Amino acid sequence: MTYERSGMLSRWVCAPVLALVVGTSAFAADLPDFTGLVEKYGPAVVNVQATGNSDAQQADPDADPSDQQDVPEIFKRFFGPQQRPRGGSGERVSIGSGFIISADGYVLTNNHVVEGSENVTVRLSDRRELDAKVVGTDAQYDIALLKLNASDLPVVSLGDSKNVKAGQWMVAIGSPFGFDHSVTAGIVSAVGRNFGGVDQQYVPFIQTDVPINRGNSGGPLFNLAGQVVGINSQIFSNTGGFMGVSFAIPIDIALNAVEQIKTSGRVTRGMIGVQIQNVEREQAKALGLPRSGGALVNKITPGSSADKAGVQLGDVVLSFAGHDIVTSADLPPLVGSSKPGSKADLGIWRDGKTLTVPVTIGEQPADKDALASAKAGVAPTPAANPLGIVVDEITADQRKQLGLNPNEGVLVTRVATAAARRTAVAPGDVILMVGRKPVKSVADFTTAVKDAKPGDSVMLLVRREDQTQFLTATVPKTAKG
């Protein structure tokens, strides 16, 4: 009896386990097998080691470059530990990844892997170590092209990043923490991801959940066909380690840079000469837009392509060359990838109408001049208006200090109400326009805002240091017009 019960118990336990095993096997059969891809193209992936003088860095060379406790969440580029060898030689060592794109020795990696280096060494899968020459780099695309003095090297297969879609499987091969030819996999989380800041604003990143860590930078991102569709570049992290959000530079962008580096030694990008920002709900309301979206023009470079085409402050760019602009971050990659001298149509929202403005693409300068900034401290001057923002005239000395033209703008001296503080306007800001009306004096500002009624949204063009931006102020419901 005991034996039979024991046997029954054994069968009762084993049946579900067997079903689980069978079910797992069936599920596993649907998962991709990366072994063929790794065996065929893994040898074309290399380890990149760059050395230089640590004096070129401001950070402590002995510190982990991901250890930035004062920044809770940041984008990080991972190129391996930077260290000072014992003996105090002051040498800096950066470790990253790369991949061979031609049998005669051209290697693609990230600019930040080799930036500031004096010597670059590439280690192949067969353990050979070869000196590499840096043919050229581009910081905005974060691309570096290296050349090895070798032939008959294994090469990767290059794909088309335009065909990448969210949900597709991807494989990364690289050297995280110096562990050569480590293979990780995941899926595409999103495409065309833009950071929107100055750093790499021209790159529509491929976002994945492929585990990427320090040392993976510059390595290839493969699709299931074994084609390289991206270069692993950055992760989003608040710990310094992988958190499920990785970014790769599309291979199309990288190869465009490679061809330009080979041809002319540098990378050129298109520009039209506007500074832009997102259109939020309150701004859309003030502009009469049916929905939030587009790129709001808050500054135009005099003499630029946009200036010559008739683009105006307060215009909202809704499309560029037939491509919809959903957020302001969508515009720079499209303009930057356009050939200088080519023509494109801007779809613009202005005064409640949609306009088509033809523009000739200019060329982005190779070097950007540093912009000087100044702040003025003045005593508050009382003034009454529905917005609760107190302004004063700007003296000639302050104009010179702030880099303003004569008869341009008024200075914010006090933000008097809670509603006004919610606009993000602050003392020391300069208000250049109210709506589409230029403001040259306190009287102009007072006249421009006096008719604003409770609940109205008012657009303000504000300059703070070297940045100009439209902010939206909402007149409080209790305000009197």
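Every number here is computed from the coordinates shown, using simple stated rules; none is lab data. Bear in mind the structure is a predicted one, so any value in this text is a computation, not a measurement. Cβ placement follows ideal geometry from the backbone for every residue including glycine, while neighbour counts extend to all protein chains displayed.
Listed values, structure above:
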quantity	calculated
Net +/- balance of residues flanking residue 125 in space, Cβ distance below 15 Å, scoring K and R +1, D and E -1	-1
Separation in nanometres of the label points that stand 7 Å from Cα toward Cβ, at residue 181 and residue 337	3.4 nm
Highest to lowest packing among 252-263, 124-135, scored as the average C-beta count within 10 Å	252-263, 124-135
Whole-Hz couplings from phi, Karplus 6.51/-1.76/1.60, listed for region 97-110; x for Gly and Pro	10, x, 8, 7, 9, 8, 5, 8, x, 7, 10, 10, 8, 8
Among 339-352, 39-52, the order from most to least packed when residues are scored by Cβ within 10 Å on average	39-52, 339-352
Whole-Å distance, taken between Cα centres, linking region 30-50 and region 93-113	15 Å
Label-point separation, residue 125 to residue 355 (7 Å along Cα→Cβ), nm	5.7 nm
Nearest-0.05 FRET efficiency for residue 363 and residue 30, computed from C-beta distance (R0 45 Å)	0.35
5 angstrom amide H check on residue 429, placed H, neighbours 5+ away	412
Residues residue 437 and residue 102, FRET efficiency given R0 of 51 Å [Cβ-Cβ distance, rounded to 0.05]	0.30
Segments 319-330, 158-169 sorted - mean Cβ within 10 Å per residue, highest first	319-330, 158-169
